[in-house]
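The values are calculated or read from the model by the stated rules, or taken from the named source; none is laboratory data. Everything quoted here is computed from the prediction, not taken from an experiment. Note that we place each Cβ from the backbone using ideal geometry, even for glycine, and neighbour counts take in every protein chain shown. We work out accessible area using only protein heavy atoms, side chains counted, and drop any ligands, DNA or RNA first. Shrake-Rupley method; radii C 1.70, N 1.55, O 1.52, S 1.80 Å.
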Amino acid sequence: MRPANHVFANLGTTIFTVMSALAAEHGAINLGQGFPDDEGPDDVRAVAAKALIDGPNQYPPMPGLPALRQAVAASNKRFYGMEVDWQKQVLVTSGATEALGDCLMALLNPGDEAIILEPAYDCYKPIIEAAGAKCISVSLEPPHWSLPVEKLAAAFSDKTKLILVNTPMNPTGKVFTRDELQVIADLMLKHDTYAVCDEVYEHLVFSGHTHVPLMTLPGMAERCVRVGSAGKTFSLTGWKIGYITGPENLMTPIMKAHQFVTFTTAPATQTAIAYGLGKDDTYFQSLASSLEAKRDILARGLKEAGFDVLPTDGTYFISADFRPLGFSGTDDEFCRDITVKAKVAAIPLSAFYADPSRAPRHLARFCFCKQDEILLESSRRLLDYANK
Ligand code: PMP
Ligand code: GLN
């Protein structure tokens, strides 16, 4: 038999699925895969329910419902002062994952190079490689994950087509500063490249930090495509609604990729997210402040259990160094051990590296978008585990 596609045939199951299954098998609290344990805003779901019954339920327009594309353009203006033509510059996708796939397939040719910053969300590299391009990884170092300017400059070449920039960054919780983004922008201009900006956590940013889209820096509007996710912005990860904003010349091929990947996305949920994006500022502020309070609860619990807790300024995630607990195995072994013995599941940081031999092996990522009581119970369980 002839082999299947080499990228997908050689891939394992994602770490999120693996750890969720292990958590279920052992009855553990799942602080691994990133999803909230509530149902999302009632009013947004009520709009979806009504739209589902009232219809229409047939194919929406390929680029998305006008109401949602207008709402995405309006939120680009409201939050970042960007002027966006909703008809030419906005595309609705079935989740940010599809959006990333559409962007990478539409922009990359075989032989191109694409730079990613590690630790990196796990879908980037396979999609880049499936497009026939070469993935060049540049590692950020814990605990501060600052941008390694010289290493990054050295990674750019005349083959570089694009860089993938994820801010706020999963799994580190790093929110890139304007100065760091300027370094990236300067390199992009110097080497005539694009950026695919994964900004799914744009509204999950904590006090003292501000989300800056790379696209808003001088000269970047023509070179960046920016990906958002209703899953994160409305705590509705199962809905799988994403959106891309970009310049018309890039959006045209990206829409062509979308038309043959999914073509379109369920209309009732699009209607509801169009409504949601119009909610007033207090919704977005309280989403961030409630998550920040949860971060603080889990950070305190992890510290009390003996972990060295790394700073996190956004996203759903906090990383912790487990070596002070006296555990001398790898991060994979640690995450399995706490799932089985403490009944709390987490994700090993090395899963976010293409080459695990280059990865830190002493960090676990915990997800804190859970009810306070669940975070407190997880903390108690980890304290007990540490004391044994
Ligand atoms: N990018 C990052 C950094 C993520 O953490 C996620 C999480 N799911 C995604 C993209 C995918 O988002 P979606 O669920 O909307 O496909
Ligand atoms: N983005 C989620 C995380 O980092 C996982 C999404 C998925 O399982 N595909 O936990």
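Once label points are set 7 Å from the Cα along Cα→Cβ at both residue 26 and residue 355, what is their separation, rounded to one decimal in nm?
The modelled label-to-label distance comes out at 3.1 nm.
Suppose the chain between residue 146 and residue 134 were pulled fully straight at 0.36 nm per residue; how much longer would it get relative to their current alpha carbon spacing?
Full extension from residue 146 to residue 134 adds 1.9 nm.
At what distance in nm do the modelled label points of residue 376 and residue 248 sit from each other, each positioned 7 Å from its Cα along Cα→Cβ?
Roughly 5.7 nm, to one decimal.
Averaged per residue, what accessible area in Å² does region 99-225 show with a 1.4 Å probe, protein chains only?
For region 99-225, the per-residue accessible area is 35 Å².
Counting only DSSP beta bridges with both residues in the chain, tell me the antiparallel percent, nearest 5.
Around 45 percent of the beta bridges assigned by DSSP in the chain are antiparallel ones.
Is the C-alpha gyration tensor of region 113-253 telling us rounded, prolate or oblate? Criteria: a/c under 1.5 is rounded; beyond that, a/b larger than b/c is prolate, otherwise oblate.
rounded
Given R₀ = 41 Å, FRET efficiency for residue 190-residue 62 by Cβ-Cβ distance, to 0.05?
0.70
Output wanted: per-residue J couplings in Hz (rounded whole) for region 164-173, from phi through Karplus 6.51 cos²θ - 1.76 cosθ + 1.60, θ = phi - 60°, x for Gly and Pro.
Working through the residues one at a time gives 9, 10, 10, 9, x, 9, 8, x, 7, x Hz.
By a straight-distance test (C-alpha under 12 Å), which aspartates and glutamates pair with residue 161 as possible cross-link partners, with residues fewer than eight away in the same chain excluded?
Partners found: 112, 113, 192.
Given a 1.4 Å probe, how much area per residue of region 269-388 is accessible, in Å²?
Per residue, region 269-388 has an accessible area of 40 Å².
Can you list the residues, at least 5 places off or on another chain, whose amide H is less than 5 Å from the amide H of residue 195, using H built in the peptide plane?
163, 224, 225
Measuring from a point 7 Å past the Cα of residue 158 along Cα-to-C-beta, which residues in region 187-224 have an amide N at less than 14 Å?
191-192
If you build the Cα gyration tensor of the chain and take the root of 5 times each eigenvalue, what three semi-axes come out, in whole angstrom, biggest first?
Semi-axis lengths for the chain are 32, 26, 20 Å.
Please label the shape of region 1-101 as rounded, prolate or oblate, based on the square roots a ≥ b ≥ c of the eigenvalues of the alpha-carbon gyration tensor (a/c under 1.5 means rounded; beyond that, a/b larger than b/c means prolate, else oblate).
Since a/c reaches 1.5 and a/b is larger than b/c, the shape of region 1-101 is classed as prolate.
Using the basic label-point model (7 angstrom from Cα toward the beta carbon), what is the residue 280 to residue 6 distance in nanometres?
5.8 nm
If you place +1 on the Cβ of every Lys and Arg and -1 on the Cβ of every Asp and Glu, how big does the dipole about the Cα centre of the chain come out, in debye to the nearest 20?
In debye, rounded to 20, the chain gives about 420.
Within the set 50/88; 303/343; 151/190; 125/370; 232/294; 232/256, which residue pairs have Cα atoms separated by over 20 Å?
Checking Cα-Cα distances, 50/88; 125/370; 232/256 exceed 20 Å.
Full extension from residue 123 to residue 38: what is 0.36 nm times the residue separation minus their Cα-Cα distance, to one decimal in nm?
This chain segment gains 28.1 nm when fully extended.
Please list, in chain and number order, the residues 5+ apart from residue 134 or on another chain whose amide H is under 5 Å from its amide H, with Hs placed from the backbone.
Amide H to amide H, under 5 Å and 5 or more residues apart or across chains, residue 134 pairs with 111, 112, 113, 114.
Out of the trypsin sites (Lys or Arg not before Pro) in region 143-236, which ones are loop residues according to DSSP with at most 16 other C-beta atoms within 10 Å?
159
Using only helices, what value at 222 nm comes out for the chain when you add -39,500 (n - 2.57) per DSSP H run of length 4 or more and divide by the total residues, to the nearest 500 deg cm²/dmol?
Per the formula, -13000 deg cm²/dmol.
Compute, for region 55-205, the length of the dipole vector about the Cα centre, with Cβ point charges of +1 (Lys, Arg) and -1 (Asp, Glu) only. Units Debye, rounded to 20.
300 debye
In terms of solvent-accessible area of protein heavy atoms at a 1.4 angstrom probe, what is the ranking of 141, 150, highest value first?
150, 141
Would you please put 316-322, 81-87 in order of how densely packed they are, using the mean number of other Cβ atoms within 10 angstrom per residue and starting with the highest?
316-322, 81-87
Using a probe of 1.4 angstrom, how much of the accessible area of region 30-132 is carbon and sulfur, in percent?
55 percent
Multiply the residue separation of residue 256 and residue 303 by 0.36 nm, subtract the distance between their alpha-carbon atoms, and state the gained length in nm to one decimal.
12.0 nm
Measure off, as a whole percent, the carbon and sulfur share of the 1.4 Å-probe accessible area of region 237-356, all protein chains present.
53 percent
Between region 84-146 and region 171-242, how far is it from one alpha carbon centroid to the other, in angstrom?
Here the two parts' Cα centres lie 12 Å apart.
Which of the three applies to region 258-371, rounded, prolate or oblate, going by the alpha-carbon gyration tensor with a ≥ b ≥ c and a/c under 1.5 meaning rounded?
Oblate, since a/c reaches 1.5 and b/c is not below a/b.
Between region 261-281 and region 4-18, what's the alpha-carbon centroid distance in Å?
30 Å
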